[in-house]
Amino acid sequence: MRSLALDRLAGDFIELGYPVRLLRYCVVPDSGGPGRYRGGCGIVREYEILAEEAVLAVRIDSVKNPPWGIDGGMGDGVGRPTVNPGTGRERVLAPLSDGNRLVRGDILRMETVGGSLPGYVFTKILGQPSFVIPYANADEANHAPNENLKVACFIDGIKAGAALLAELGMLKR
């Protein structure tokens, strides 16, 4: 199995492209960090492996270095990939790992961290809806000592955000 940002794809698209069945998709309660201004909650997706055998590469960030809180909010929890959670065959996978073997019937649980963006400024203080457009490069090492962002990705993100705002501004109220 290989995909970038499976947590952002609709379950039916994932099932069309991979030999898996989406069993569970929900919010991780209280994963946004405690405090005056909480971050957004993380999500859980659980997949049943339908292929005889599958090999999984895991690329999730913010596991060893979870997002920190600001302005009265505390740090978020951490995410983790687990195979066969809650069973005698449970195993937690490394957040950056290759060659993870899965077999038919295994359950893969992907749990992501909550968000640490200051969306509360828009939603709580200004009373406006908020959205986020991610524009980081795949190897950014988010919240890690070697965190990086390619200038081209940053500029493309600004352009995408500006185009979306321009389109939203054209909508009739």
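Within the stretch 145-167, the set of residues being touching a Phe, Trp or Tyr at 6+ places or on another chain (Cβ under 9 Å) and not in a helix (DSSP H, G or I) comprises Leu149 only.
Conditions (1) open to solvent by 90 Å² or more (accessible area, probe 1.4 Å); (2) modelled with pLDDT of 80 or more, marked per residue:
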residue	(1), (2)
Pro85	no, yes
Arg101	yes, yes
Gly105	no, yes
Pro129	yes, no
Asn137	no, no
Ile155	no, yes
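The values are calculated or read from the model by the stated rules, or taken from the named source; none is laboratory data. If you're wondering where the values come from, they're calculated on a predicted model, not measured in any experiment. Reconstructed Cβ throughout: ideal geometry from the backbone, glycine too, with neighbour counts over all protein chains shown. The protein model used for the area step is the full one, side chains on, heavy atoms only, and it has no ligands, DNA or RNA in it. Shrake-Rupley method; radii C 1.70, N 1.55, O 1.52, S 1.80 Å.
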